[in-house]
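Data block below; observations after.
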Amino acid sequence: MKFAYKFSNLLGAFYRHGNLCFSKDGNSAISPVGNRISVFDLKNNKSETLPASTTKNISCLGISPDGNLAILIDEDGAAILVSLVTRAVLHHHHFHSPVHSVSFSPDGRKFVITKENVALMYHAPGRNREFNAFALDKSYYGPFDETTCIDWTDDSKCFAVGSKDMTTWIFGAERWANLIYYSLGGHKDIIVGCFFENDSLDMYTVSQEGTLCVWESDTELEGLRKGPKYSERKKMEEEKKKREEGESNEDDDVEDIVGEDGETRGDVIKGSADTPKQVEGIKNVRYSQRSKHYFNKAGDFNKLTAAAFHKKTHILVTGFASGAFHLHELPEFDLIHSLSISDQRISTIAMNPTGDWIGFGCSGIVVDQVCSSEHNSMLGVTNVAFTSSGFVVVSASLDGTVRAFDLHRYRNFRTMTSPRPAQFSSLAVDSSGELVCAGSQDSFEIFLWSMQTGRLLEVLSGHEGPVSNLCFSPVQSVLASVSWDKTVRLWDMLDSWQTKETLRLTSDGLAVTYRPDGQELAVASLDGEITFWTPQTGGQTGSIAGRHDLQMGRKETEKITAKQSAKGKSFTSLCYSADGESILAGGQSKFVCIYNIKEHVLMKKFEISCNLSLDAMEEFLDRRKMTEFGSLSLVDEGTGDGDGVELSLPGVKRGDMSSRRFIPEIRVSSLCFSPTGRSWAAASTEGLLIYSLDASLVFDPYDLDMDVTPASIRQQMKKKEWASAILLSFRLNEMPLIREVLEAVPYDQITVVCSSLPDVYVDKLLNFVASTLEKSNHLQFYLSWAQCLLTLHGQKLKNRSAAYFSFKFKYNFCFLPSCDWNIYNIRYAAALSKQRGMKRTAAESLSDEEEEEEEEVEMDSGGDEENIYNE
């Protein structure tokens, strides 16, 4: 059996930090989740996580205006260029220091990143093949402290950069004679946002102390004038120097960076507190402060932490450390709404291009799921379980309650409690869905309730340590419980809930699970072993020593090596495969192991994360961070940005001095196989990861060469080589191109093309037809493709039943109801048309009779006139 499970998706991952972005159409939000990004489809209520990942947590991201490219930059400044169409990594680059923000120009030709106190402008990657996708164009200096934000004018002529030195700098993206740089002040704290007005050089700047400054420019965007090049300006200055003696030789504001080979590498724009020198005949751009507004009332202080501005609607959205946000209309500063998300700090704000959606990033908010709308939010939910019907989910919490939720109406319809307060750490529901049991970690007891009535049926006692896990047999009314007292107890639910069997372990028990047929029991213990037992006889059938397979790294605080630390690690979650031949094991490690039970050997290890921002990911510590006082990574610098300790002046009582930053440790808390065995899921500190055999790759480079391009595919279409064009399009695997090729095939050539396809591409084509049928208007055309494929390759598809049953399921449950509805609509339209036709016929017959009568009258009158004429 081959285990070719591939990472498919990541759900439930939480936002840590970084900016939010929206897609070009405004219907999708793109958010960093750890070292990956997730795309949330706001229109169809779907989400997708891209497989591309950075080395550490993503700190900022930028999306190109056409929505095809994304630049992801992690905490260390390592960047990757990702195609949002193919989901592939196109380029790697390192900026060698942390990057604060990145932004594409509106025309998509340039992008700017800010790091330290400098802004770097690069040429955006284009369609031309280049060795280095990130080509530096200019470097802009001016701020004296770290930069914080970027904004562009609508025509991409200028951009603005905010800084922690309480100033905002405006730079020209090109060599403008009247605007090289300009510095704006007026604030007493860090600049949070700077925004250009729509089609104008007018600006709004927002600072952390809650101040908004409105700036007005005396020049329109059309008033910017091209300046002379450096060589021309140098000649002009030399001539002027000769004419005017005694004039000081000042350094130029623009210098070329010339490499050893003599080629220009880029420009350096050096800003200073002095006004840039004015070119003769051209007036420099000037700014004046039009107005100044304050968000906080007198005596109140609420730190402004994020801001976003929508230029077309003139709406300014500001977020605060208290979790509140305001909506103002500019430039009048009229308050529209003042709302609150929570009591946590708002880290970032984004608005979609149409202004319909506002996205907020709050790293301190715990995501509320269906089970935590009812449980005590201060005490976590420890376990969840579905009933056999799939319409009820049961949750256990440390708040001492077990709650049942109806998934039809999304409400809590049962709340089960114990006679005395207890903290429930484990949960199980029997196969009938009638019995619910939960294990306590403080009283060492198991509580049993009835799902129908919610009444407590029995309290099972016998364990001498915390109950770590529970599991019902899938074929019998037997409950298996494992505890820290080194025992596994089997409880008979039909015989007065008595202990049927007690299994002795060599170490503390952590997890227990039944094989799908109920004939075997697997137990994970603290010593890193997985033991297998026969429930009927209570005999041990085998064991697997998995301690060395965990391979945990070394923590920053540990004094021992990773090899010695691994001896104390163990598996905390087990799950059998659907056929019962393999078992998944995960725990205090970044690996999930799959073992063959019969041979007791490791078959494959899955690395669930490579995020170095998590603790214990590397085997050895970085010696560059080691000092005589310890590791530098343990030093809490207290940046005061809401993520660490607020270092305030003496006598200032502000900020939480008890808050400390900590590095989370990677671990897997739960594993579960799908009923079909085609996929499995892992709940971890990185979210819910799904691995599947059926995960279709968006971009498959198999058998791909330089000749497989959209141009070559369209060339084959012009030659009417339909089969070759289809094969090339599937090798490139771009869905719009595949659809274009298929819809270009003549109807009478479908059978010929289907008969010449290789078996590998039959499955792909059938899956594509099945997915396209759901949303295409060419229903008969694609049904003809499906009919030909099933007729010519039906037997082979039946042997490889995955694609066949996938199409059959979509046909039965998606297409047939649509066809029935369409038939009904056609019949209704035909009947309505027939009824209208009858009315039209009757009306026409009446009009014909009237016309005949009129003609008869005219003939009679004409005869009379003729008689009179004859007379």
Exercise for the section: Report yes if residue 439 is outside any strand (DSSP E or B) and open to solvent by less than 20 Å² (accessible area, probe 1.4 Å), otherwise no. Expected result: no
Practice task
Considering (1) farther than 22 Å from residue 382 by Cα; (2) touching a Ser or Thr at 6+ places or on another chain (Cβ under 6 Å); (3) of a type outside the set (Phe, Trp, Tyr), say which one residue 471 fails and leave the rest.
Solution key: (1)
Practice task
Within the range 790-805, work out how many residues are modelled with pLDDT of 75 or more and not assigned by the TED database to the domain that holds residue 769.
Solution key: 0
Problem - Lone unmet requirement of (1) touching a Phe, Trp or Tyr at 6+ places or on another chain (Cβ under 8 Å); (2) in a strand (DSSP E or B) for residue 595 - result: (1)
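Might you let me know whether the range 317-325 holds any residue that is among the polar types (S, T, N, Q) and in contact with a Ser or Thr (Cβ under 8 Å, 6 or more places away or on another chain)? Break it down into steps so the answer makes sense when it comes.
Initially, the range 317-325 is screened for residues among the polar types (S, T, N, Q), giving 318, 322.
From what is left, the residues that are in contact with a Ser or Thr (Cβ under 8 Å, 6 or more places away or on another chain) are 322.
Checking the range 317-325: at least one residue is among the polar types (S, T, N, Q) and in contact with a Ser or Thr (Cβ under 8 Å, 6 or more places away or on another chain).
Inside the range 23-77, counting only strands (runs of 3 or more DSSP E) that do not spill past its ends, which hold 3 or more residues that are farther than 20 Å from residue 691 by Cα and at pLDDT 90 or above?
Numbers: elements: 28-33, 36-41, 46-49, 58-63, 69-74.
Answer list for the range 23-77: 28-33, 58-63, 69-74.
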Completion exercise
Only one of 335, 316, 339 is part of a strand (DSSP E or B) and without any contact (Cβ under 8 Å) to a residue 12 or more places away in the chain, namely 335
Fill in the blank from the handout: Of (1) more than 21 Å from residue 373 (Cα to Cα); (2) open to solvent by less than 50 Å² (accessible area, probe 1.4 Å); (3) touching a residue at least 40 places away in the same chain (Cβ under 8 Å); (4) among the β-branched types (Val, Ile, Thr), residue 475 satisfies every one except (2)
Problem - Members of the range 34-56 that are closer than 20 Å to residue 349 by Cα and open to solvent by 10 Å² or more (accessible area, probe 1.4 Å) - result: 36, 39, 40, 41, 42, 43, 47
Practice task
For the range 598-609, enumerate the residues that are open to solvent by 30 Å² or more (accessible area, probe 1.4 Å) and not in a strand (DSSP E or B).
Solution key: 598, 599, 600
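Can you tell me how many residues in the range 78-106 are open to solvent by less than 40 Å² (accessible area, probe 1.4 Å), under 24 Å from residue 732 (Cα atoms) and in a strand (DSSP E or B)? Working first, answer last.
First pass over the range 78-106, keeping only residues open to solvent by less than 40 Å² (accessible area, probe 1.4 Å): 78-84, 86, 88, 91, 95, 97, 99, 101-105.
The next check asks that each one be under 24 Å from residue 732 (Cα atoms); those that pass are 80-84, 86, 88, 91.
Filter once more, so that each one left must be in a strand (DSSP E or B): 80-83, 91.
Number satisfying all stated conditions: 5.
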Exercise for the section: Return only the number of the condition from (1) in contact (Cβ under 8 Å) with a residue 40 or more places away in the chain; (2) open to solvent by less than 40 Å² (accessible area, probe 1.4 Å) that residue 183 does not satisfy. Expected result: (2)
Fill in the blank from the handout: Considering residues that are more than 32 Å from the chain's Cα centre (by Cα) and closer than 18 Å to residue 142 by Cβ, the number found within the range 184-202 is 5
Completion exercise
By residue number, the members of the range 405-422 that are more than 26 Å from residue 440 (Cβ to Cβ) and open to solvent by 70 Å² or more (accessible area, probe 1.4 Å) are 408, 409, 410, 411
Handout entry: Scan of the range 732-756 for residues that are among the hydrophobic types (A, V, I, L, M, F, W, C) and farther than 23 Å from residue 711 by Cβ, ordered by number
Key = 750, 752, 754
Exercise for the section: State whether one or more residues within the range 234-251 are modelled with pLDDT under 65, among the charged types (D, E, K, R) and either open to solvent by less than 40 Å² (accessible area, probe 1.4 Å) or within 43 Å of the chain's Cα centre (by Cα) (or both). Expected result: no
Exercise for the section: Among the residues of the range 203-218, write down those that are assigned to a loop (DSSP other than H, G, I, E, B) and either modelled with pLDDT of 95 or more or open to solvent by less than 20 Å² (accessible area, probe 1.4 Å) (or both). Expected result: 210
Problem - Extreme residue, farthest from residue 434 (Cα to Cα), among residues of the range 454-467 that are open to solvent by less than 30 Å² (accessible area, probe 1.4 Å) and outside any loop (DSSP other than H, G, I, E, B) - result: 467
Exercise for the section: Return the total of residues in the range 727-755 being closer than 16 Å to residue 717 by Cβ, of a type outside the set (D, E, K, R) and surrounded by fewer than 16 Cβ atoms within 10 Å (Cβ to Cβ). Expected result: 6
Handout entry: Index of the failed condition, residue 167 passing every other in (1) touching a residue at least 40 places away in the same chain (Cβ under 8 Å); (2) surrounded by 17 or more Cβ atoms within 10 Å (Cβ to Cβ); (3) over 20 Å from residue 73 (Cβ atoms)
Key = (1)
Handout entry: Qualifying residue in the range 679-687 (condition: modelled with pLDDT of 85 or more, open to solvent by 30 Å² or more (accessible area, probe 1.4 Å), assigned to a helix (DSSP H, G or I) and not acidic (Asp, Glu))
Key = no
Completion exercise
residue 390 meets each of (1) closer than 27 Å to residue 575 by Cα; (2) crowded, with 16+ Cβ neighbours inside 10 Å with one exception, condition (2)
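The values are calculated or read from the model by the stated rules, or taken from the named source; none is laboratory data. Bear in mind that the values here come from a model prediction, so they are computed numbers and not experimental data. As a convention, Cβ positions derive from the backbone with ideal geometry for all residues, glycine included, and neighbour counts pool all protein chains shown. Keep in mind that these areas ignore ligands, DNA and RNA; they rest on the heavy atoms of the full protein, side chains included. Shrake-Rupley method; radii C 1.70, N 1.55, O 1.52, S 1.80 Å.
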